[in-house]
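To keep things clear, I will list the structure first and then write my remarks on it.
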Amino acid sequence: AGSPCAPPSLCAVNGLQARTFGVWTLLSSAIRCLCAIDIRNRTLYHITLFTFFLALVHFLSEVFIYHTAALTIGVMAPLMVASFSILGMLIGLQYLEVEELSQNKKKN
């Protein structure tokens, strides 16, 4: 009987790695939820944007550098979410800056 993994390197994930990835996912989710609640917090906005960049780089590196993931729907979904979220947040960042400038003008 052969191994259930086609390339053995795809079965190299142990429990610690799985739990670490799970905790990272929960932390990213918490940051993103907090940003949704306080969208005008520039520091939190930038940290949230960074979580999407980190996710994009992580999944792209697993597919194209380390070859530990195949380009399936399970990998394409987070790549698309991260890409569209980065795009949306970069567009939103310009509106955040415009709003901040208009509020500063009202104060003066």
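The values are calculated or read from the model by the stated rules, or taken from the named source; none is laboratory data. Bear in mind the structure is a predicted one, so any value in this text is a computation, not a measurement. All Cβ positions, even for glycine, are placed from backbone atoms using ideal geometry, and neighbour counts span all protein chains on display.
Annotation note: Cβ proximity below 8 Å between a residue of the range 41-60 that is under 17 Å from Gln94 (Cβ atoms) and a residue that is modelled with pLDDT under 95 and among the acidic types (Asp, Glu) (sequence gap 6+ or interchain) occurs for Arg42/Glu100.
Consider Phe84 against the criteria (1) free of Cβ contacts under 8 Å to residues at least 40 places away in the same chain; (2) closer than 30 Å to Asn14 by Cα: it satisfies all of them except one. Which criterion is unmet? So the condition that Phe84 fails would be (2).
Take Tyr95 and tell me if it is hydroxyl-bearing (Ser, Thr, Tyr) and more than 16 Å from the chain's Cα centre (by Cα). Yes: the conditions hold for Tyr95.
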